[in-house]
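Notes follow once the structure below has been shown.
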């Protein structure tokens, strides 16, 4: 009988932290949708909000996949962790670099932390060897 878990504390510390941070990023991404109305992607606020929503659900699903030792979970987590950087780059191109850096500075630090935990050598090696 297979047991699914939400948090796996038997993985290296970097992956454990990445799981928790992906869950937090996903939850706050869903909760912040109403406050992102002034930014656009391809000329549409709706597309920007859909990208935030997809990245949020991707972070949640990626954390769940990592907790259950799936390679797709780690890959989805990395993709979800990269999405805020792509959106921030779009804001930098459209509105300028100062606007992109001043928008959600704490979120930027958090995004860097999530990506660093996922791409850390210990995390990458562990998922390569032990994930299915």
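The values are calculated or read from the model by the stated rules, or taken from the named source; none is laboratory data. Quick caveat: nothing in here was measured; it's all calculated off a predicted structure. Note: ideal-geometry Cβ built from the backbone for every residue, glycine included; neighbour counts use all protein chains shown.
When you look at residue 80, is it in a helix (DSSP H, G or I), within 20 Å of residue 3 (Cβ to Cβ) and within 14 Å of the chain's Cα centre (by Cα), yes or no? Reasoning before the result, please.
On the way: in a helix (DSSP H, G or I): yes; within 20 Å of residue 3 (Cβ to Cβ): no; within 14 Å of the chain's Cα centre (by Cα): yes.
It is false that residue 80 is in a helix (DSSP H, G or I), within 20 Å of residue 3 (Cβ to Cβ) and within 14 Å of the chain's Cα centre (by Cα).
Name the residues in region 103-130 that are loosely packed, with under 15 Cβ neighbours inside 10 Å, in contact (Cβ under 8 Å) with a residue 40 or more places away in the chain and more than 17 Å from residue 72 (Cβ to Cβ), would you?
Passing the criteria: only 122.
Confirm whether residue 76 is more than 16 Å from residue 28 (Cα to Cα) and surrounded by 15 or more Cβ atoms within 10 Å (Cβ to Cβ). Don't jump to the end; show me each part of the working.
Details: more than 16 Å from residue 28 (Cα to Cα): yes; surrounded by 15 or more Cβ atoms within 10 Å (Cβ to Cβ): yes.
Against the criterion (more than 16 Å from residue 28 (Cα to Cα) and surrounded by 15 or more Cβ atoms within 10 Å (Cβ to Cβ)), residue 76 qualifies.
Of the residues 92, 59, 100, which single one is closer than 18 Å to residue 23 by Cα and either in a helix (DSSP H, G or I) or modelled with pLDDT of 90 or more (or both)?
Working: 92 fails: closer than 18 Å to residue 23 by Cα; 100 fails: closer than 18 Å to residue 23 by Cα.
Only one candidate qualifies: 59.
Could you say which residue among 48, 42, 28 is modelled with pLDDT under 90, farther than 30 Å from residue 129 by Cβ and surrounded by 21 or more Cβ atoms within 10 Å (Cβ to Cβ)?
From the options 48, 42, 28, the qualifying one is 48.
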